[in-house]
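Chemist: Okay, here's the structure, questions in a sec.
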Amino acid sequence: MEWETVSYVFSSELRLRTLVELSKSKYTPKQLSLSLKQPISHASKALKELRDKGLVECLTPDRKKARLYSITRSGNQVLEEINKLTHRERK
């Protein structure tokens, strides 16, 4: 596990919430912004940051609008580690 990546996601509520949402379903940036109640520019930035780390992937990279994003295996692993950390904190 890449702990720097876990810490990177954990340090931003928006990046963390974005990963959590993408673990439930596939989203376009617009759908994600509505779900997270954030401006689309913030959702797009979080997606770019997570994509750059290999935690999410664009399933429709050739489209200009309504690109569809999904969490990657690495993204799910990071989310599992964060869940373990936050579970420990609640005890």
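The values are calculated or read from the model by the stated rules, or taken from the named source; none is laboratory data. Computed from a prediction, not measured in an experiment: that's the story for all the values here. When we count neighbours, we look across all protein chains shown, and the Cβ atoms used for this are built from the backbone with ideal geometry, even at glycine.
Chemist: With respect to residue 55, determine if the residue is crowded, with 16+ Cβ neighbours inside 10 Å, among the aliphatic types (A, V, I, L, M), more than 10 Å from the chain's Cα centre (by Cα) and modelled with pLDDT of 95 or more.
Modeler: Values: crowded, with 16+ Cβ neighbours inside 10 Å: yes; among the aliphatic types (A, V, I, L, M): yes; more than 10 Å from the chain's Cα centre (by Cα): no; modelled with pLDDT of 95 or more: yes.
For residue 55, the condition - crowded, with 16+ Cβ neighbours inside 10 Å, among the aliphatic types (A, V, I, L, M), more than 10 Å from the chain's Cα centre (by Cα) and modelled with pLDDT of 95 or more - is not met.
Chemist: Something else about it: Does residue 45 satisfy being under 12 Å from the mean Cα position of the chain (by Cα) and surrounded by 13 or more Cβ atoms within 10 Å (Cβ to Cβ)?
Modeler: Values: under 12 Å from the mean Cα position of the chain (by Cα): yes; surrounded by 13 or more Cβ atoms within 10 Å (Cβ to Cβ): yes.
Criteria met by residue 45.
Chemist: Among the residues of the stretch 21-56, which ones are touching a helix residue (DSSP H, G or I) at 6+ places or on another chain (Cβ under 7 Å), among the charged types (D, E, K, R) and closer than 21 Å to residue 80 by Cβ?
Modeler: 21, 49, 53
Chemist: For residue 18, state whether it is among the β-branched types (Val, Ile, Thr), buried (at least 17 other Cβ atoms within 10 Å of the Cβ) and over 19 Å from residue 86 (Cα atoms).
Modeler: Working: among the β-branched types (Val, Ile, Thr): yes; buried (at least 17 other Cβ atoms within 10 Å of the Cβ): yes; over 19 Å from residue 86 (Cα atoms): no.
Judged against the criteria, residue 18 is not a match.
Chemist: Take the stretch 1-15 and flag every residue that is of a type in the set (Ser, Thr, Tyr) and surrounded by fewer than 16 Cβ atoms within 10 Å (Cβ to Cβ). So that I can check it myself, show each step before the final result.
Modeler: Restricting attention to the stretch 1-15, the residues satisfying the condition of being of a type in the set (Ser, Thr, Tyr) are 5, 7-8, 11-12.
Within the stretch 1-15, 7, 11, 12 meet the criteria.
Chemist: Quickly run through the stretch 44-89 and pick out the residues that are assigned to a strand (DSSP E or B) and free of Cβ contacts under 8 Å to residues at least 24 places away in the same chain.
Modeler: 57, 58
Chemist: From 50, 14, 55, which residue is of a type in the set (A, V, I, L, M) and touching a His at 6+ places or on another chain (Cβ under 8 Å)? Spell out the reasoning first.
Modeler: Numbers: 50 fails: touching a His at 6+ places or on another chain (Cβ under 8 Å); 55 fails: touching a His at 6+ places or on another chain (Cβ under 8 Å).
Sole residue among the options that is of a type in the set (A, V, I, L, M) and touching a His at 6+ places or on another chain (Cβ under 8 Å): 14.
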